[in-house]
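Novice: I'd like to ask you about the structure that follows.
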Amino acid sequence: MDPIRVMIVDDHAVVRSGLAAFLLVYGDLELVAEAESGHTALALCHEHMPDVILMDLVMPEMDGAATTRAIKARYPQIQVVALTSFREDELVQGALQAGAIGYLLKNISANQLADAIRAAHAGRPTLDPEATRVLMEAARKPAEIHFDLTPREQEVLALVTHGANNGEIAAKLRISQSTVKYHVSSILAKLGASSRTEAAMLAVQHRLVP
């Protein structure tokens, strides 16, 4: 079988050098390119077409998540393994949402990293336990509901929630009552509410108004 073609993306030369030396140990892994930035990585993908990319996440100008997203959009067959020193929830979610198939910390062993590259090439994810925890917590959180209210509709809804009638809302916002009626109708439709009272309850429940 042909070796797995690997590209390293990291803005630190010492890290790239260490990973390159690691890849030489394994006969089924081949280093085909190194990139010090996201922009360079995109150009090298077109030139070398790696199978798997080891992607640093914290880089200037174009971070690892943005680079991953751009690469996956152009070359969906390329698998990306995020390899980082950081375990912040936002980094984990950003990398995986961008399309990375793996998320690993740089303190893993050489054999673990080699296995992760092989797994990525086969389409199997490999996640650091911390990344797994973040995913599990995200799955337990209720999904945020977005009603796409305009700023004016939010103002009207806030006044409705405080019990104001159309005339009071019109006076407060210095708009006509017909305009208020239009906004209220739009709010009810967007919230799926059948009455002003139900709209007010939904506003409080989903914290749509201050």
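Novice: Just need a number here: residues in segment 187-210 that are part of a helix (DSSP H, G or I) and either of a type in the set (Lys, Arg) or surrounded by fewer than 16 Cβ atoms within 10 Å (Cβ to Cβ) (or both).
Specialist: 8
Novice: Please determine, by comparing only the residues of segment 69-81 that are more than 17 Å from Arg5 (Cβ to Cβ) and aliphatic (A, V, I, L, M), which one is surrounded by the fewest Cβ atoms within 10 Å (Cβ to Cβ).
Specialist: Ala73
Novice: May I pose another question? Failed condition for Tyr26, given (1) open to solvent by less than 10 Å² (accessible area, probe 1.4 Å); (2) touching a Pro at 6+ places or on another chain (Cβ under 9 Å); (3) of a type outside the set (Asp, Glu); (4) modelled with pLDDT of 95 or more, with all others met?
Specialist: Every listed condition holds for Tyr26 apart from (1).
Novice: Something else now. What is the one condition in (1) open to solvent by 90 Å² or more (accessible area, probe 1.4 Å); (2) in a helix (DSSP H, G or I); (3) acidic (Asp, Glu) that Glu130 does not satisfy?
Specialist: Here Glu130 meets the rest and fails (1).
Novice: Out of the residues in segment 9-43 that are in a loop (DSSP other than H, G, I, E, B) and among the hydroxyl-bearing types (Ser, Thr, Tyr), which is nearest to Ala65 (Cα to Cα)?
Specialist: Ser37
Novice: Determine the pairs where a residue that is farther than 16 Å from Ile8 by Cα, located within segment 101-127, has a partner that is in a helix (DSSP H, G or I) and at pLDDT 90 or above with Cβ atoms under 7 Å apart, the partner being 6 or more residues away or on another chain.
Specialist: Listed by first residue and then by second, the contacts come to Thr126/Ala116; Thr126/Ala119; Thr126/Ala120.
Novice: Right, here's the next one. Which residues, counting only those in segment 134-175, are open to solvent by less than 80 Å² (accessible area, probe 1.4 Å), at pLDDT below 85 and either among the small types (Gly, Ala, Ser) or more than 36 Å from the chain's Cα centre (by Cα) (or both)?
Specialist: Ala138
Novice: Does Thr40 qualify as being free of Cβ contacts under 8 Å to residues at least 40 places away in the same chain, surrounded by 19 or more Cβ atoms within 10 Å (Cβ to Cβ) and hydroxyl-bearing (Ser, Thr, Tyr)?
Specialist: Here the answer is no, as Thr40 does not meet what is asked.
Novice: Tally time: how many residues in segment 85-104 are farther than 13 Å from Arg133 by Cβ, at pLDDT below 85 and over 10 Å from the mean Cα position of the chain (by Cα)?
Specialist: 1
Novice: Report every pair of residues separated by at least 6 positions or lying on different chains whose Cβ atoms are under 6 Å apart, first residue within segment 46-68 and of a type in the set (Val, Ile, Thr) and open to solvent by less than 10 Å² (accessible area, probe 1.4 Å), second part of a loop (DSSP other than H, G, I, E, B) and at pLDDT below 95.
Specialist: Close Cβ pairs satisfying both conditions: Thr68/Gly99; Thr68/Ala100.
Novice: For segment 60-110, name all the residues that are within 19 Å of Glu47 (Cα to Cα), in a helix (DSSP H, G or I) and in contact with an Asp or Glu (Cβ under 8 Å, 6 or more places away or on another chain).
Specialist: Hits for segment 60-110: nothing passes.
The values are calculated or read from the model by the stated rules, or taken from the named source; none is laboratory data. Since the structure is predicted, the reported quantities are computational estimates derived from the model, not experimental observations. All Cβ positions, glycine included, derive from the backbone under ideal geometry; neighbour counts span all protein chains shown. Please note that ligands, DNA and RNA were not included when accessible areas were found on the heavy atoms of the full protein model with its side chains. Shrake-Rupley method; radii C 1.70, N 1.55, O 1.52, S 1.80 Å.
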